[in-house]
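Working notes, beginning with the structure itself.
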Amino acid sequence: MKRMGNHVVIALLLAALWLTPLAPRAYAVDLDIRERAYQAAISYAEEGRLGDAYRIFAEQLGDYKDSKMYSLYLDGLINIELGYFAAAEYSLRVASLSNFLDARLYLEYAQGRICEENGDIDGAFTHYQSIVSADINGVMDALQRAWTLQDSMPETNIKAGDIYRFGNYDWLVLDARQDKALLITKDVIELRSYNTAFTSVTWETCTLRKYLNNDFYDNFNTEEKARIIETTIENLDSPRYATDGGNDTKDKVFLLSIQECVQYFGDSGQLANISPNKALLSDEYNNDRVAMYKGQATDWLLRSPGNSSRESAFVNTYGNVHIIGRVVSNKQSGVRPAMWIKL
């Protein structure tokens, strides 16, 4: 085999030195092109050319910077303009989880339009009002729609704190809106266990939920049942012990959670700043949380889990919120059903 001449070796070395910077140089040129495309897409979006902006973000830029989030955001806005509110809700929900721009406000708008389509006027008003409350009145026609819906809502004299007779019970009004109200029985109506067996449960699986939405619910007549609203119930983990709250549920009748008890009976700020060694909440709202059963103050159950999934939170006879909970099979636990009804 012939030995390679010196001039050939030198030529190869020079070629290598020349070619080595080409890759980063090409990469820099590619970055410059994408950055210019990115800035152009933003300009198009600001000018209202949503389709042009979307095509650049989705089809040309891929995962460059926040192009994926921009694609979802613009997809939501375009679907709103086209009247495809369910599709818009999906895209905007993902974008809002990352707090991208004002995706949350447009998500509220899409959800408001969905509520309107489903005849849920109060729900629609609530979504539009949240946009107006954020001082962002330019989100589509949210402000005008909120005014229109408010004018169409029936007048009601019921307000939070009133005692309202429904079925065979007196109920305390916790929240009153234009066409519905949240009620909880004024007193403890009976003593029951959260769950018949001492075992790990959640609100979704406990026997008390089954009883309230069947036997107790059947105490109401046909007209009363028609006014009871099936509600999506958010079952949060324990705010102190992180015990799993389980799946969200759809219920006609339910118990308040720890968070709702604080929200509707008075919030002293203790729950939001609870210390690691604190097992209960005791504050200036204790008296408001006291409930009676046959003339005596009685503990009453909340649906939230306690220290473990074998305990459920409750309010004691002094009105303290026991976050640590009591065993789910305790048969001497007071029951105060809650429900949303149509007005």
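Couple of notes before you dig in:
- For the range 204-219, the set of residues classified as surrounded by 15 or more Cβ atoms within 10 Å (Cβ to Cβ) and out of contact with any Gly (no Cβ under 6 Å at 6 or more places or on another chain) consists of T205, C206, T207, L208, R209, Y211, L212, N213, F216, Y217, listed by residue number.
- Selection count where residues are surrounded by 18 or more Cβ atoms within 10 Å (Cβ to Cβ) and either within 27 Å of the chain's Cα centre (by Cα) or part of a loop (DSSP other than H, G, I, E, B) (or both), scope the range 286-306: 11
- Identity of the residue in the range 307-343, under 24 Å from the mean Cα position of the chain (by Cα) and farther than 23 Å from D244 by Cβ, that ends up surrounded by the fewest Cβ atoms within 10 Å (Cβ to Cβ): K342
- Residue check, N273 without any contact (Cβ under 8 Å) to a residue 60 or more places away in the chain and either buried (at least 19 other Cβ atoms within 10 Å of the Cβ) or not acidic (D, E) (or both): yes
- Counted residues, the range 188-201 - those being surrounded by fewer than 17 Cβ atoms within 10 Å (Cβ to Cβ) and either free of Cβ contacts under 8 Å to residues at least 12 places away in the same chain or not in a strand (DSSP E or B) (or both): 5
- The range 181-202, residues that are touching a helix residue (DSSP H, G or I) at 6+ places or on another chain (Cβ under 6 Å) and within 21 Å of V262 (Cα to Cα): Y194
- Residues of the range 168-179 that turn out to be in contact with a helix residue (DSSP H, G or I) (Cβ under 6 Å, 6 or more places away or on another chain) and either buried (at least 20 other Cβ atoms within 10 Å of the Cβ) or modelled with pLDDT of 95 or more (or both), as a count: 1
- Test: I78 is assigned to a helix (DSSP H, G or I), among the β-branched types (V, I, T) and more than 18 Å from the chain's Cα centre (by Cα): yes
For (1) closer than 22 Å to L72 by Cα; (2) surrounded by fewer than 22 Cβ atoms within 10 Å (Cβ to Cβ); (3) in contact (Cβ under 8 Å) with a residue 24 or more places away in the chain; (4) basic (K, R), each residue gets a yes or a no:
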position: A88; (1), (2), (3), (4): yes, no, no, no
position: S91; (1), (2), (3), (4): yes, no, no, no
position: S96; (1), (2), (3), (4): yes, yes, no, no
position: I114; (1), (2), (3), (4): yes, yes, yes, no
position: N118; (1), (2), (3), (4): no, yes, no, no
position: D122; (1), (2), (3), (4): no, yes, yes, no
position: F125; (1), (2), (3), (4): no, no, yes, no
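- Of the criteria (1) crowded, with 17+ Cβ neighbours inside 10 Å; (2) outside any strand (DSSP E or B); (3) of a type in the set (G, A, S), which one A226 fails: (1)
The values are calculated or read from the model by the stated rules, or taken from the named source; none is laboratory data. Owing to the predicted nature of the structure, the values given are computational and were not obtained by experimental measurement. Glycine also receives a Cβ, built like all others from the backbone with ideal geometry; neighbour counts cover every protein chain displayed.
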